[in-house]
Amino acid sequence: MKGKYYITTPIYYPSDKLHIGNTYTTVVADALARFKRLNGYDVFFLTGTDEHGQKIQRIAEKKGVTPKEYVDKIVASIKDLWKLMNISYDKFIRTTDDYHIKAVQDIFKKLYDKGDIYKGYYEGWYCTPCESFFTETQLVDGKCPDCGREVEWTKEEAYFFRLSKYQDKLLKYIEEHPDFILPEKRKNEMINNFIKPGLEDLCVSRTSFTWGIPVSFDEKHVVYVWIDALSNYITALGYGSDEKSLYEKYWPADVHLVGKDIVRFHTIIWPIMLMALDIPLPKTVFGHGWLLVDGGKMSKSKGNVVDPVILSEHFGVDAVRYYLLREIPFGSDGNFTSEMFIKRINSDLANDLGNLVSRTLTMIEKYFKGELRKGKFEGEFDEDLRRVALEVPVKVEKLMDDLKVSDALEEIWTLVRRANKYIDETMPWVLAKDEENKDRLMGVLYNLTEAIRIVSILISSFMPSTSVKINEQFGFEGTILTWEKALEFGAVDALLVKRGDIMFPRIDVEKKLEELEKLNQQKEAKKMVPIKPEITIDEFDKIDLRVAKVLEAERIKGADKLLKLKVDLGGEERQVVSGIAKYYEPEKLVGKNVILVANLKPVKLRGVDSYGMILAASTEDYSKLVLGTVDEDIDAGSQVK
Ligand code: MSP
C-alpha cells in the first residue's frame with residue numbers, strides 16, 4: 001500500500017430533483033477514489049446526506065408526513081442514483097444517524113465549554129409568514145424578498161461561534177499551506193473577499209424550528225446548519241464515539257471535494273471548528289466549477305435533458321460519467337446541452353474509442369480466428385506507439401494527483417488517437433494480403449491490443465463498465481490489469497478474443513434531439529393538471545364574464561390572504577373579495593382591467609361580502625399567481641365570451 005487516501009463529497013440536501021450538475025461532485029470523487037485504489041492506496045470514500053433544517057420541516061408538514069419519513073424516502077432515491085452511476089463509496093452518512101447526532105452534540109458542548117460558542121441574540125428583519133430572517137441588503141424595497149410582505153426587526157436568542165477569534169490563525173495557516181485551498185483563484189477569493197475584511201461570529205443555533213439536532217444543554221435550541229453538516233467528515237469515521245479506528249486511520253482528509261458555492265464554509269468555518277477542537281486540518285479543499293446549461297443555471301430548457309437517470313437510460317451511464325469528467329476543465333465551469341453531449345459521445349466514444357476497439361477485434365478475428373500472440377515489433381510507428389503508451393499513464397497519475405480529472409481523460413485520449421493513427425499508418429489490411437507478412441501483421445495487432453489494454457486500465461476509474469466490456473472482449477484478466485502493468489508495454493502473452501456488441505453506436509444527432517424534445521414535452525404534459533370533463537356552449541353561456549376596472553383595493557384585517565376590491569362594471573360598482581393578497585400589493589391593482597365572474601352567487605368571506613369572483617392563473621403549487629386581464633383598454637363592463 002502506498003498510503004491512505006480519504007476523499008469526501010459534500011453531504012447532499014435531500015432533493016428528489018438531483019440533476020447532472022449535482023451528480024458532478026460525486027462522479028468526480030468516484031473517479032479519484034477509484035484511481036487511487038488502482039494506484040495502490042488504501043482509500044476511504046465518503047458521501048451522504050444533509051437532512052436537517054427548516055426547509056425540510058416545512059415540506060414534510062405540507063406533505064403531511066414527519067420530516068424523517070420524508071427524508072427516508074428521498075435518501076433511498078439518492079442511494080439508487082449513486083448505484084446507477086456506479087459510485088463506489090465506502091460509507092454513506094446521514095446527519096440523522098444516531099452516532100452523528102451524539103457526536104455533534106458533544107462537539108457543540110466542547111466548543112461551548114471552551115468559550116468558543118456563546119449565547120447572544122440573532123437580530124434581523126423577520127418575515128413572520130416566511131419564518132425567515134433577512135439582512136438589510138437582502139430586503140427588496142424594504143420588504144420580504146420572498147413574498148413582498150412587511151418585515152419586522154426581531155431579536156431571537158441564539159448561540160454564536162467565535163469565528164473572529166481565529167481569523168489571524170486561519171489566515172496564517174492558509175498562507176503556510178498552499179495546497180489547503182485549491183485551485184489558487186478560490187484561495188485568493190477567500191482571503192481577499194472574506195477573511196481579510198474581517199470574520200463575523202456565526203449564528204449556530206435556532207429556536208424557530210425543531211427539525212435539527214437539539215443543543216444538549218439547552219433543548220429549545222437546535223444546532224443550525226454548518227456545525228451539524230461539516231462535522232460529518234469526522235463523525236463518519238467515528239469521532240465522538242467509542243469506535244475510533246477509522247478516524248485514527250484516515251483523518252485528516254486528503255481531499256474535500258466541493259462545489260464553488262460552498263468553498264467558503266469549508267475553508268473558513270470548518271478549519272476554525274477543527275482548530276477550536278484541536279483537530280488537524282484536511283490537506284486540501286478543492287472547489288470545482290459548475291456545470292451550466294447554455295451558460296446559465298442548471299434547468300431544463302430548449303430540449304435539454306438534465307435528469308441523470310433519463311440520460312443514462314438513453315446513452316448509458318458511462319457516457320454520462322465521461323461527459324461530466326471531461327467537460328468541466330480544472331476548477332472552471334463547464335457547459336451542458338443535449339447537443340454537445342451527443343456530439344461528444346459520437347466523437348470521443350463512438351469514433352475514437354469504440355472504433356479502435358472494434359476495428360482491432362475484427363481484424364484479430366478475421367486474420368487469426370481471434371487468436372493473438374506476440375508478433376514482429378519493428379519500425380518508427382511501433383516505437384512511437386509504445387512511447388506514447390508508456391508516457392500516458394505517468395502523466396495521468398500526475399494529473400490525477402493534481403485533481404486535473406478532465407486533463408487526465410484528455411491525456412488518455414492522446415493514446416486512443418495515437419493507436420487509431422497507427423492503424424492507418426501500418427495498414428494491416430494490406431499486410432494481410434501477403435502470407436509472408438503474417439508475423440508482422442500479428443505484431444501490429446499485438447501492439448494495438450497492448451495500447452488498448454493500457455487504455456482499459458486507465459479508463460477503469462472514469463468508465464468502469466466500459467473497461468470491463470473491453471476486458472471481456474479481449475480476454476484481459478488478472479495481473480495484466482494492475483497499475484504496474486499499465487506501465488509496461490508487452491505484458492500480454494497469448495489471448496483469445498471475442499468481439500461483442502458495439503459499445504458506443506453512432507448517434508444520429510438530429511433524430512435523437514427530436515426524441516429528447518418529445519420526451520421533455522411528454523413530461524410537461526404529464527405534469528399538467530387534467531382537463532375537466534367537456535361542457536356544451538350553452539353551459540358555458542351561463543357564466544357571465546365582464547371586464548371590471550379596479551377602483552380601490554385594501555387589505556382585510558385578520559385575513560392575510562384576502563384583498564377587498566371595489567370595481568367598476570360600467571353601469572355599476574361592486575365589492576369583490578379576492579384571495580390574491582400574497583401576490584399583489586393593493587395599490588398596484590388600482591386601474592387594472594380584470595375579468596370578473598359577474599353572476600356568481602354572492603358569499604361572505606371573513607365577514608366581508610363578495611359579489612363575484614376575479615379570475616387569475618396560477619401554478620399548481622400556487623408559487624406563482626397572476627391576474628387574468630384584457631389585452632388592451634376597453635370599456636368597463638364589456639362582456640368576455
Ligand atoms: N448540503 C450542502 C453541503 C454540506 S457539506 C458539509 C450542499 N448540498 S447540495 O445538495 O446543495 O449540493 C451538493 C453538491 O452539488 C455541491 O458540491 C454543489 O456545489 C454541487 N452542485 C450543485 N449544482 C451544481 C452544478 N450545476 N454543477 C456542479 N456542481 C453543482 O450544498
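The values are calculated or read from the model by the stated rules, or taken from the named source; none is laboratory data. Small disclaimer: the values here were computed from a predicted structure and weren't measured. We place every Cβ from the backbone using ideal geometry, glycine too, and count neighbours over all the protein chains shown.
Within region 464-476, identify whether any single residue is in a helix (DSSP H, G or I) and among the basic types (Lys, Arg), and answer yes or no. There is at least one residue in region 464-476 that is in a helix (DSSP H, G or I) and among the basic types (Lys, Arg). Residues of region 280-324 that are within 12 Å of the ligand (Cβ to nearest atom) and not in a loop (DSSP other than H, G, I, E, B): Val285, Phe286, Gly287, His288, Leu291, Leu292, Val293, Gly296, Pro308, Leu324. One residue stands out in region 20-44 among those that are farther than 21 Å from Arg326 by Cα and not acidic (Asp, Glu): the one that is farthest from the ligand (Cβ to nearest atom), namely Gly40. Of the listed requirements (1) under 27 Å from the mean Cα position of the chain (by Cα); (2) at pLDDT 95 or above, Lys185 misses just one: (2). So in region 555-575, with the set limited to residues that are hydrophobic (A, V, I, L, M, F, W, C) and touching a helix residue (DSSP H, G or I) at 6+ places or on another chain (Cβ under 8 Å), which one is farthest from Lys624 (Cα to Cα)? That would be Leu565.
Going through Lys601, Lys624 one at a time, which residue ends up being farther than 20 Å from Lys582 by Cα and loosely packed, with under 15 Cβ neighbours inside 10 Å? Answer to the check: Lys601. If you check Lys79, Lys63, Lys91 for being away from the ligand (no atom under 14 Å from the Cβ), over 23 Å from Ile7 (Cβ atoms) and basic (Lys, Arg), only one passes: Lys63.
Per the conditions (1) away from the ligand (no atom under 15 Å from the Cβ); (2) out of contact with any strand residue (DSSP E or B) (no Cβ under 7 Å at 6 or more places or on another chain); (3) assigned to a helix (DSSP H, G or I), the sole criterion not satisfied by Glu219 is (3).
Condition check ((1) outside the structural domain of Ser467 (by TED's automatic domain parsing); (2) among the polar types (S, T, N, Q); (3) surrounded by fewer than 23 Cβ atoms within 10 Å (Cβ to Cβ)) across all residues:
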residue	(1), (2), (3)
Asn22	yes, yes, yes
Arg34	yes, no, yes
Arg37	yes, no, yes
Asp42	yes, no, yes
Asp50	yes, no, yes
Gly53	yes, no, yes
Val75	yes, no, yes
Asn86	yes, yes, yes
Val104	yes, no, no
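Assess whether Glu552 counts as being at pLDDT 90 or above, among the acidic types (Asp, Glu) and outside any strand (DSSP E or B). Answer is no for this residue. Just one residue in the set Glu585, Glu552 is of a type in the set (D, E, K, R), surrounded by 13 or more Cβ atoms within 10 Å (Cβ to Cβ), closer than 27 Å to Pro129 by Cα and touching a residue at least 60 places away in the same chain (Cβ under 8 Å); that residue is Glu585.
A search for C-beta distances below 7 Å between a residue of region 44-55 that is aliphatic (A, V, I, L, M) and any residue that is assigned to a loop (DSSP other than H, G, I, E, B), counting only pairs 6+ apart in sequence or on different chains, returns Leu46/Tyr89; Leu46/Asp90; Leu46/Ala236. I'd like the residue in region 353-374 that is touching a Leu at 6+ places or on another chain (Cβ under 7 Å) and closer than 15 Å to Asp493 by Cα and, out of all such residues, is surrounded by the fewest Cβ atoms within 10 Å (Cβ to Cβ). Out of the qualifying residues, it is Glu371.
Going through (1) of a type outside the set (Gly, Ala, Ser); (2) part of a helix (DSSP H, G or I); (3) closer than 22 Å to Glu365 by Cβ; (4) in contact with a Gly (Cβ under 6 Å, 6 or more places away or on another chain) one by one, Leu448 falls short only on (4).
Among the residues of region 241-276, what is the count of those that are within 16 Å of the ligand (Cβ to nearest atom), buried (at least 17 other Cβ atoms within 10 Å of the Cβ) and part of a loop (DSSP other than H, G, I, E, B)? Quick ask: steps written out before the conclusion?
Initial filter on region 241-276 (within 16 Å of the ligand (Cβ to nearest atom)): 251-253, 255-274.
Going one step further and asking which of them are buried (at least 17 other Cβ atoms within 10 Å of the Cβ), we end up with 251, 253, 255-260, 262-274.
From what is left, the residues that are part of a loop (DSSP other than H, G, I, E, B) are 251, 253.
So the count comes out to 2.
Do we have Arg418 as in a helix (DSSP H, G or I), at pLDDT 95 or above, over 15 Å from Ile470 (Cβ atoms) and touching a helix residue (DSSP H, G or I) at 6+ places or on another chain (Cβ under 9 Å) here? Taking the combined requirement at face value, the residue satisfies it.
Being closer than 30 Å to Pro145 by Cβ, surrounded by 12 or more Cβ atoms within 10 Å (Cβ to Cβ), among the aromatic types (Phe, Trp, Tyr) and modelled with pLDDT of 90 or more is a property that Tyr611 lacks. For region 325-349, the set of residues classified as touching a Leu at 6+ places or on another chain (Cβ under 9 Å), part of a loop (DSSP other than H, G, I, E, B) and within 13 Å of the ligand (Cβ to nearest atom) consists of Ile328, Gly331, Asp333, listed by residue number. Of all residues in region 1-19, those satisfying the criterion of being more than 19 Å from Leu481 (Cβ to Cβ), more than 8 Å from the ligand (Cβ to nearest atom) and at pLDDT below 95 are Pro14, Asp16, Lys17.
Say whether the condition of being among the β-branched types (Val, Ile, Thr), surrounded by 13 or more Cβ atoms within 10 Å (Cβ to Cβ) and farther than 30 Å from Glu313 by Cα is met by at least one residue in region 150-161. Yes. Among residues of region 243-266 that are under 16 Å from Trp226 (Cα atoms), those with a beta-carbon under 8 Å from a residue that is away from the ligand (no atom under 16 Å from the Cβ) and part of a helix (DSSP H, G or I) at least six positions away or on a different chain give the pairs Arg264/Phe194.
Condition check: within 30 Å of Ala559 (Cβ to Cβ), in contact with an Asp or Glu (Cβ under 8 Å, 6 or more places away or on another chain) and of a type in the set (D, E, K, R). Does Lys155 satisfy that? So Lys155 passes the test. The C-beta contact set for region 347-365 (first residue within 17 Å of Phe462 (Cα to Cα), second residue outside any helix (DSSP H, G or I) and of a type in the set (D, E, K, R), distance under 6 angstrom, 6+ apart or interchain) comprises Ala350/Arg506. The number of residues in region 205-216 being outside any strand (DSSP E or B) and more than 17 Å from Lys110 (Cα to Cα) comes to 6.
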